[in-house]
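The values are calculated or read from the model by the stated rules, or taken from the named source; none is laboratory data. Quick caveat: nothing in here was measured; it's all calculated off a predicted structure. Neighbour counts run over all protein chains shown; Cβ positions are idealised from the backbone, glycine included.
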Amino acid sequence: MKNKPTTEQASNYNNLEKMGTFELLKNINTEDKTVPNAIEKVIPSIEKLVDIIYAKMHEGGRLFYIGAGTSGRLGVLDASECPPTFGVPHNWVIGLIAGGDSALRKAVENAEDDPNLAWKNLSTFDISDKDILVGIAASGTTPYVIGALKEAKKHNITTGCIVCNENSPVSDVADLSIEIIVGPEFITGSTRMKAGTAQKLVLNMITTSVMIKLGRVEDNKMVHMQLNNKKLVNRGVLMLMDELHIDQDLASELLEKYKSVKNVLDNYKSKFL
């Protein structure tokens, strides 16, 4: 059918159950290789959204992600990785999924079909026009996301979206739309595959770029990262050894004293460099 959304079009491969393991993996990989090319085409749209998010957050606003199923999980994942990676408060980037946190592990029946539920969820965070809301929906038809974006616009909240179909209902209600057209899935309609991969890559691009612009990275290093395990402490020590040309013992001592790589760099450089 010509009018069938791209995410629902038939796979380019037939008789998957008859394929051997190598053939399955090779064909999945072949499809996955198309994802970065699809993203490259929409970098100008991603750029616009990043600049809007940065402007909002620079003035003290927050970034909200909202979605259902795989899309919702990816938004929650991206939000949850910002505090440990960039050392920011947990309320800077907030991810909400239809059905609540329990839906992260187990699908909640009909949760995504309620267009009014999302705004109730967002209201518990006192979302305002200082913030920005990004809806994530591979199909671009999720009522939970559409309802959130519509209500946000009524409250003069800037909105964006990440979808994988052209001219979708979600795009129609968002102020700025990122449409990543990755084509039919390897398993027909299984948007956890290429569409999910595309959304994950774009989310990485968004928050990484925004956090760099907000000063949460210096040179190419996560100087604000939370030192909440041995691996990250060791990474911090190596950063300091490399940046300040000091030995491991002094780097460890300074990191223990100042509690973050950034604090060490600021204090040590002001005193000795």
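Checked across segment 77-87, the condition of being closer than 24 Å to ASP114 by Cα, at pLDDT 95 or above and surrounded by fewer than 18 Cβ atoms within 10 Å (Cβ to Cβ) holds for at least one residue. Output the residues belonging to segment 123-146 that are farther than 17 Å from VAL170 by Cα and surrounded by 18 or more Cβ atoms within 10 Å (Cβ to Cβ). Result: ILE127, ASP131. Restricted to segment 254-265, and to residues there that are out of contact with any Leu (no Cβ under 6 Å at 6 or more places or on another chain) and surrounded by 14 or more Cβ atoms within 10 Å (Cβ to Cβ), the residue that is farthest from THR208 (Cα to Cα) is LEU254. Of the residues in segment 194-203, at least one is assigned to a helix (DSSP H, G or I), in contact with a Cys (Cβ under 6 Å, 6 or more places away or on another chain) and of a type outside the set (Lys, Arg). In this structure, ILE187 qualifies as hydrophobic (A, V, I, L, M, F, W, C), farther than 28 Å from VAL93 by Cα, in the same structural domain as LYS48 (by TED's automatic domain parsing) and outside any helix (DSSP H, G or I). Among the residues that make up segment 214-232, is at least one of them in contact with an Asp or Glu (Cβ under 7 Å, 6 or more places away or on another chain) and either more than 30 Å from ASP51 (Cα to Cα) or in a helix (DSSP H, G or I) (or both)? So far as segment 214-232 goes, no, none of its residues is in contact with an Asp or Glu (Cβ under 7 Å, 6 or more places away or on another chain) and either more than 30 Å from ASP51 (Cα to Cα) or in a helix (DSSP H, G or I) (or both).
Can you tell me how many residues in segment 101-159 are of a type in the set (S, T, N, Q) and not in a loop (DSSP other than H, G, I, E, B)? Talk me through it step by step, then tell me what you get.
Narrowing segment 101-159 to residues of a type in the set (S, T, N, Q): 102, 110, 116, 121, 123-124, 128, 139, 141-142, 156, 158-159.
Remaining after also requiring not in a loop (DSSP other than H, G, I, E, B): 102, 121, 123, 158-159.
Within segment 101-159, residues that are of a type in the set (S, T, N, Q) and not in a loop (DSSP other than H, G, I, E, B) number 5.
Considering segment 149-168, and only residues there that are in contact with a Gly (Cβ under 6 Å, 6 or more places away or on another chain) and hydrophobic (A, V, I, L, M, F, W, C), the residue that is surrounded by the most Cβ atoms within 10 Å (Cβ to Cβ) turns out to be VAL163.
Select from segment 237-250 the residues that are under 16 Å from LYS221 (Cα atoms) and either surrounded by 11 or more Cβ atoms within 10 Å (Cβ to Cβ) or charged (D, E, K, R) (or both) and list them in ascending order. Reasoning before the result, please.
We begin by selecting, within segment 237-250, every residue under 16 Å from LYS221 (Cα atoms); these are 237-245.
Listed by number, the residues that qualify are VAL237, LEU238, MET239, LEU240, MET241, ASP242, GLU243, LEU244.
Tell me which residues, restricted to segment 160-182, are assigned to a strand (DSSP E or B), among the hydrophobic types (A, V, I, L, M, F, W, C) and touching a Cys at 6+ places or on another chain (Cβ under 8 Å). Passing the criteria: LEU176, ILE178.
Filtering segment 179-201 to residues that are crowded, with 24+ Cβ neighbours inside 10 Å and within 10 Å of the chain's Cα centre (by Cα) leaves only GLN199. Here HIS90 meets each of (1) crowded, with 16+ Cβ neighbours inside 10 Å; (2) under 28 Å from GLY236 (Cβ atoms) with one exception, condition (1). Taking segment 114-153 as the range and being out of contact with any Phe, Trp or Tyr (no Cβ under 9 Å at 6 or more places or on another chain) and of a type in the set (D, E, K, R) as the test, the residues that pass are LYS120, ASP126, ASP129, LYS130, LYS153.
Looking only at segment 1-60, count every residue that is hydroxyl-bearing (Ser, Thr, Tyr), within 16 Å of CYS164 (Cβ to Cβ) and either surrounded by fewer than 10 Cβ atoms within 10 Å (Cβ to Cβ) or over 24 Å from the mean Cα position of the chain (by Cα) (or both) and tell me the total. Lay out the reasoning, then the answer.
Of segment 1-60, the ones hydroxyl-bearing (Ser, Thr, Tyr) are 6-7, 11, 13, 21, 30, 34, 45, 54.
Filter again for within 16 Å of CYS164 (Cβ to Cβ), leaving 6-7, 11, 34, 45.
Then keep just the ones that are either surrounded by fewer than 10 Cβ atoms within 10 Å (Cβ to Cβ) or over 24 Å from the mean Cα position of the chain (by Cα) (or both); that gives 11.
Counting residues in segment 1-60 that are hydroxyl-bearing (Ser, Thr, Tyr), within 16 Å of CYS164 (Cβ to Cβ) and either surrounded by fewer than 10 Cβ atoms within 10 Å (Cβ to Cβ) or over 24 Å from the mean Cα position of the chain (by Cα) (or both) gives 1.
Scanning segment 81-99 for residues that are in contact (Cβ under 8 Å) with a residue 12 or more places away in the chain and over 21 Å from ALA195 (Cβ atoms) yields CYS82, PRO83, PRO84, THR85, PHE86, GLY87, VAL88, ASN91, TRP92, VAL93, ILE94.
Can you tell me which residue among ASN228, ASN234, ASN204 is touching a residue at least 12 places away in the same chain (Cβ under 8 Å) and either under 17 Å from SER260 (Cβ atoms) or among the aromatic types (Phe, Trp, Tyr) (or both)?
Working: ASN234 fails: touching a residue at least 12 places away in the same chain (Cβ under 8 Å); ASN204 fails: either under 17 Å from SER260 (Cβ atoms) or among the aromatic types (Phe, Trp, Tyr) (or both).
After ruling out the rest, the residue left standing is ASN228.
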